[in-house]
Amino acid sequence: MNGDHDEVSGGSARRVAEAWLVAVSQGDEEAALALSSPSIVYTVEPVMRYEGHEGVRDILEDFARLSGFVTITVLDWIDTPRVAAVRRVEKYTLPQGVLDVPSCSFVEVSDGLVTRWSDHKNMQPLDSVAGL
């Protein structure tokens, strides 16, 4: 496909990635699937991997379980037409207190759809609370 569809969908990977992140974090299945390639691959390196639209549904279920316990604050973006990087902090509110988990994601976009989302985060603060 040509770049026209990318322009209609926002013209940048950031706009698509940002809309996808909002849809997923708000549990909006229709919007998340509409922004996801049928062959999307979402990974949380090195522990989790979700594939396709069924994987997006699984991600939505995981986020729903965290509803009220986690907030996401985006710190900054790097944007190109086909790849975006987002640096953020996930704040987990637990009985032990609030834990900050620094995160970075690399997002590949093609024809206005997220094709790959790769999360990189330091899970040690959560692992220590879980006793791992």
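The values are calculated or read from the model by the stated rules, or taken from the named source; none is laboratory data. Just so you know, these numbers come straight off a predicted model, no measurement behind them. A quick note on method: Cβ atoms are made from the backbone with ideal geometry, for glycine too, and the neighbour counts reach across all protein chains shown. We work out accessible area using only protein heavy atoms, side chains counted, and drop any ligands, DNA or RNA first. Shrake-Rupley method; radii C 1.70, N 1.55, O 1.52, S 1.80 Å.
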> Between Ser36 and residues 5 or more places away or on another chain, which pairs have amide H atoms under 5 Å apart, with H built 1.01 Å from N, and which residues are they?
Replying inline: Val114
>> Using only Cα atoms and rounding to the nearest 10 degrees, what angle (0 to 90) does helix 13-25 make with the longest principal axis of the chain?
In response: 50 degrees
> Stokes-Einstein at 25 °C, 0.890 mPa s, Kirkwood radius from Cα pairs: D for the chain in µm² s⁻¹?
Replying inline: 162 µm²/s
> Which is farthest toward the positive dipole end of the chain among Val16, Pro95, Ile78, measuring Cα position about the Cα centre, with Cβ charges +1 (Lys, Arg) and -1 (Asp, Glu)?
Replying inline: Pro95
> Under the definition of Cα pairs under 8 Å and six or more residues apart, what whole-number percent is the relative contact order of the chain?
Replying inline: 27 percent
> Taking all protein chains as present, what is the carbon and sulfur share of the accessible area of the chain, in % to the nearest whole number, probe 1.4 Å?
Replying inline: 54 percent
>> What number comes out for accessible area per residue over the chain if the probe is 1.4 Å? Units Å², please.
In response: 56 Å²
> If amide H atoms are built 1.01 Å from N in the plane of the peptide, which residues on other chains or at least 5 residues away come under 5 Å of the amide H of Arg82?
Replying inline: Ala13
>> Restricting to bridges with both residues inside the stretch 37-123, how much of the DSSP beta-bridge set is antiparallel, in percent to the nearest 5?
In response: 85 percent
> Roughly how tilted is helix 52-66, in degrees to the nearest 10 and between 0 and 90, from the longest Cα axis of the chain?
Replying inline: 30 degrees
> For the stretch 95-103, in order, what is each residue's ³J(HN,Hα) by Karplus, 6.51 cos²θ - 1.76 cosθ + 1.60 with θ = phi - 60°, in whole Hz (x at glycine and Pro)?
Replying inline: x, 6, x, 9, 10, 9, 10, x, 9
>> How charged is the neighbourhood of Val98? Take every other residue with its Cβ under 14 Å from the Cβ of Val98, and add Lys/Arg as +1 and Asp/Glu as -1.
In response: -1
